[in-house]
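Here's the structure we're looking at; comments come further down.
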Amino acid sequence: MNQSGNTILITGGGSGIGEALAHRFHDRGNTVIVAGRRRDTLERTITGRPNMHAIELDVNSAAGVADCAQRLLAEHPRLNVLVNNAGIMRFEALDRSRDLTDAEQTITTNLLGPIRLTNALIDHLTAQPGAAIVNVTSGLAFVPLFATPTYNATKAAMHSYTLSLREVLRDRVEVIELAPPAVQTGLTPGQESRPGYLPLDAFADEVMSLFAQQPTPREILVERVRSMRFAEAEGHFDAMMAQLNAFATQARQG
């Protein structure tokens, strides 16, 4: 992936990982468009940064995604990089019957959303030089957190989807997976300062150093997530799953 001169769309770019990466890609000489539902957070992200733009997008709406793609390409015809980053994470109890609204919203946002947006932009991207698609998954795609089962499942599905997409688009569009570990962001209540989670700036800095490698790795894996990514292949999946869930429970309880 080219390090500069791109026009990059980052969904969920108004906060957390999306915002941090948007600023760093912009610092490297790229035009960056941040997309999300809340105009106020998007405007805060782009304030004081020339060649950084905001566009409202609700990935939960198929019509909204199509409309956003049309507006986006009209305003930024040189778009050549899509970063599917928007996502939600909800805690769920599997041991009793429950309202499935959280599960359904998680699937729509985390799985249907990036599929819809990729589909809306794919004809354009395949015609652009230096095109790339970056799908943000999670270490939980490989080792599940019991308290967030649907989130884990959507990220595992996006990992699989990315594998297929990469092969189909080989030699036309570079397809990259970014799988974060637990990072201090607002993804869940209290997570911004949760002990033991990777500070956001440290995570973003390490991610950008990996993007700078030539060739760009097919999977962007900071050091802290690698043991999760390869737990099954290296024969320590059960131990990693137990360790992860014990750590997460303790961290949430303070």
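The values are calculated or read from the model by the stated rules, or taken from the named source; none is laboratory data. Everything numeric here is computed off the predicted structure, so don't read it as measured data. All Cβ positions, glycine included, derive from the backbone under ideal geometry; neighbour counts span all protein chains shown.
Observations on the model:
- Only one of the listed residues (ASN6, ASN51, ASN60, ASN84) is in contact with a strand residue (DSSP E or B) (Cβ under 6 Å, 6 or more places away or on another chain) and at pLDDT below 95. That residue is ASN51.
- Residue that is farthest from ALA63 (Cα to Cα) [pool: residues in region 126-135 that are of a type outside the set (Gly, Ala, Ser) and surrounded by fewer than 19 Cβ atoms within 10 Å (Cβ to Cβ)]: PRO129
- Sole residue being of a type in the set (A, V, I, L, M) and in contact with a strand residue (DSSP E or B) (Cβ under 9 Å, 6 or more places away or on another chain), chosen from LEU198, LEU187, LEU244: LEU198
- Across region 9-48, the number of residues qualifying as at pLDDT below 95, among the basic types (Lys, Arg) and more than 24 Å from ARG194 (Cβ to Cβ) comes to 2.
- Leading residue by the ranking (farthest from THR109 (Cα to Cα)) among those in region 57-76 that are assigned to a loop (DSSP other than H, G, I, E, B) and touching a residue at least 24 places away in the same chain (Cβ under 8 Å): HIS76
- Taken residue by residue, region 86-93 has no member that is closer than 25 Å to LEU125 by Cβ, not hydrophobic (A, V, I, L, M, F, W, C) and not in a loop (DSSP other than H, G, I, E, B).
- Restricting GLU177, GLU219 to those that are touching a residue at least 12 places away in the same chain (Cβ under 8 Å), farther than 19 Å from ILE88 by Cα and either surrounded by 13 or more Cβ atoms within 10 Å (Cβ to Cβ) or in contact with a His (Cβ under 7 Å, 6 or more places away or on another chain) (or both) reduces the list to GLU219.
- Members of region 201-228 found to be within 30 Å of GLN128 (Cβ to Cβ) and among the aliphatic types (A, V, I, L, M), listed by number: ALA204, VAL207, MET208, LEU210, ALA212, ILE220, LEU221, VAL222, VAL225
- Only one entry in ALA66, ALA22 is farther than 25 Å from SER209 by Cα, touching a helix residue (DSSP H, G or I) at 6+ places or on another chain (Cβ under 9 Å) and small (Gly, Ala, Ser), namely ALA66.
- Matching residues in region 220-254 - criterion: being part of a helix (DSSP H, G or I) and either at pLDDT below 95 or among the hydroxyl-bearing types (Ser, Thr, Tyr) (or both): SER227, PHE247, ALA248, THR249, GLN250, ALA251, ARG252, GLN253
- Every residue from region 92-119 that is of a type in the set (Val, Ile, Thr) and under 21 Å from the mean Cα position of the chain (by Cα): THR106, ILE107, THR108, THR109, ILE115, THR118
- Of the residues making up region 157-185, those that are more than 14 Å from the chain's Cα centre (by Cα), under 22 Å from ASN110 (Cα atoms) and part of a loop (DSSP other than H, G, I, E, B) number 3.
- Pair list, Cβ < 6 Å and 6+ apart or interchain, from region 141-152 residues that are within 19 Å of PHE230 (Cα to Cα) to residues that are hydrophobic (A, V, I, L, M, F, W, C) and buried (at least 21 other Cβ atoms within 10 Å of the Cβ): PHE142/MET228; VAL143/MET228; VAL143/LEU244; ASN152/LEU140
- Selection count where residues are under 13 Å from the mean Cα position of the chain (by Cα) and among the aliphatic types (A, V, I, L, M), scope region 120-156: 6
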